[in-house]
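The structure under discussion appears below in the form of structure tokens.
The values are calculated or read from the model by the stated rules, or taken from the named source; none is laboratory data. What you see is a predicted model, and the numbers here were worked out from it, not measured in a lab. When we count neighbours, we look across all protein chains shown, and the Cβ atoms used for this are built from the backbone with ideal geometry, even at glycine. The protein model used for the area step is the full one, side chains on, heavy atoms only, and it has no ligands, DNA or RNA in it. Shrake-Rupley method; radii C 1.70, N 1.55, O 1.52, S 1.80 Å.
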Amino acid sequence: MSLKYKQIQPPEGINTSKEHPLKEFSLLLLGVLLFIVVAIVSLSYAAHLLAPFVPFSAEQKMADLFAGQMHDRPRDQLAEQIAQEDAAVTRYLQSLADRLAMAQGLPDDMSITVHYIDDETVNAFATLGGHVFFFRGLLENIANENALAMVMAHEIAHIKYRHPIKSLGRAVITGTAIAVVSSAAGSNIIGDVLGETGLLTALKFSREQEQQSDESALNVLAKIYGHVDGANTLFEVLEQAHQDTQQPPEFFSSHPHTDNRIDNIIAMAGKHNWPITGAITPLPPQFSRWLADTDSTFIQRP
Amino acid sequence: MYDLIIFLILMSLGYGFGRVAEKRHYKSILERETALNRIPAIVLRLPPPSLKPQNTELVMGSVVISIDYFKRIAAGLRSLVGGRMMSYESLLDRARREAVLRMKEQADALGANMVFNIKMETASISKGRKNKIGSVEVLAYGTAIIPVAVPIQQL
């Protein structure tokens, strides 16, 4: 008997799966993203819990290290723009900072050091070791002491609640975790998506810190001036400055939206019965001259 | 955020085109397979001795097939948790069947009535550029048995 050579069509779906590709994909994506978010959130909480145990003196040493590096770089632009400690504007800002720090109940082992940067940027920031930086662009746009006190108290609150060291700890631990997972994913694109998710999760913490600082600053304003007028003018200045640049949705942003911050201020003032309007304290009359006249006080680098 | 938008656009492009291409390809595979079933592809090494002397010819079919953006991402995610790489399975299934079909089409053009000793080889052509190129070659080859028009004189 000889073999019969005949070919019949095999049934489909044995070597492939009938499952819809989108179903598999969405399950996988949701699962992995959920895992990332949970992991980042728990690692961030851990970092936030542990970071305050870093003594403030250690933080200051870290800051000195960074500052040293900055000054060692030849002709570092930022370093050249920072006004000296004895510049009139710096002295004024420092005295305001000391007053606000006292009112805010800054712990004794912490100190605030204010720096003035001669640059267009409309911003101010607080960083490791209690260093607070003010840009000329912001100070030029501020109309009164109340608004300035709001920024200052906000930045001091960041220091008081140890936000810079918490952020650093969080960035180190979540950065490591994301690097490990995304390299395991084996593809650059997937790694980017996972990294992005981690970043967006971290931004949530950043926005919470901003809100905490806003609230603390408002508290101090009410304590010192008896009202919270000026706080909203600050945000109006910020809004004006960022008007020409498109603001991304809050979800993608490190700070809450300015509108939300103003709403939050009004809500807080209402809750604590702080008057929203009151007597405005003007800035010192020479203030604008101080801003312009820092040329002689620049750090001179050979 | 713009990265995310670009990513989503690439994903939907990859998914849309990939899905349409796959559907069309499977349809064409099924049609041609049914038509070419008259040329059986047999993995036996030698034709049975009972077969009368025939002409033989090497026939081969080769396919290079590339992964789409969507499948690549799906596979990347799958590689995190493990399991069946379903997005690759259909891709390779198509490549194998297309390669056999091309081989059979060649055999058909030669007037063969069957192909013996079928072998398949797969080569990844993304060597060293894992994240840039996701292409695979599938080669099917065998010996086409071509009946001789004039019967050979029996000794």
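The stretch B:74-128 and the stretch A:13-66 have Cα centres separated by 38 Å.
Subtracting the Cα-Cα distance of A:F251 and A:N123 from their residue separation scaled by 0.36 nm leaves 44.0 nm.
Highest GNM mean-square fluctuation among A:N144, A:N15, A:N219, for chain A modelled with Cα contacts below 10 Å: A:N15. Between A:E215 and B:L110, the modelled labels are 8.1 nm apart [label points 7 Å from Cα along Cα→Cβ]. For chain A, modelled as a GNM whose springs connect Cα atoms under 10 angstrom apart, the maximal fluctuation among A:G230, A:G68, A:G129 occurs at A:G68.
Return the Rg/Rh ratio of the stretch A:124-229 with Cα-based radii and a Kirkwood Rh. A ratio of 1.14. So if R0 is 41 Å, what FRET efficiency would A:T113 and A:A179 give, r being the distance between their Cβ atoms, rounded to the nearest 0.05? Computed FRET efficiency for A:T113 and A:A179: 0.80. When the Karplus curve 6.51 cos²θ - 1.76 cosθ + 1.60 is applied with θ = phi - 60°, which whole-Hz ³J(HN,Hα) does each residue of the stretch B:57-64 get, with x for Gly and Pro? Couplings: 8, 6, 10, 8, x, 10, 9, 10 Hz.
By DSSP, the beta bridges lying fully in the stretch B:8-152 are antiparallel in about 95 percent of cases.
Using C-alpha pairs under 8 Å with a sequence gap of at least 6, the mean separation divided by the residue count of the stretch A:5-126 gives a relative contact order of 22 percent. The amide H of A:L283, built 1.01 Å from its N in the peptide plane, has A:E145 as neighbours under 5 Å, considering only residues 5 or more places off or on other chains. Counting Cβ atoms of other protein chains within 10 Å of each Cβ in B:37-46 and taking the mean gives 2.
Structure remark: mean-square fluctuation, Gaussian network model of chain B, C-alpha springs under 10 Å; the largest value among B:R38, B:R96, B:R84 belongs to B:R84. Taking only the C-alpha atoms of the protein assembly as shown, Rg followed by Dmax gives 35.5, 125 Å. Taking the Cα centre of chain A as reference, the dipole from Cβ charges on Lys and Arg (+1) and Asp and Glu (-1) amounts to some 1240 debye. Rounded to the nearest 100, the interface formed by chains B and A buries 3200 square angstrom of accessible surface, both chains summed, with a 1.4 Å probe.
The residues of the protein assembly as shown have, on average, 55 Å² of accessible surface per residue, using a 1.4 Å probe with all protein chains present. Among the residues of B:71-84, the average count of other protein chain beta-carbon atoms within 10 Å of the residue beta-carbon is 6. With a threshold of 18 Å on the Cα-Cα distance, the over-threshold entries among A:K23/B:K71; A:K6/B:K104; A:K61/A:K166; A:K4/B:K52; B:K23/B:K119; A:K18/B:K119 are B:K23/B:K119; A:K18/B:K119. By the helix-only formula, in which each DSSP H run with n ≥ 4 contributes -39500 (n - 2.57) and the sum is divided by residues, the protein assembly as shown has a 222 nm mean residue ellipticity of -19000 deg cm²/dmol. Peptide A:15-24 is shielded by partner chain Cβ atoms: per residue, an average of 5 of them sit within 10 Å of its Cβ.
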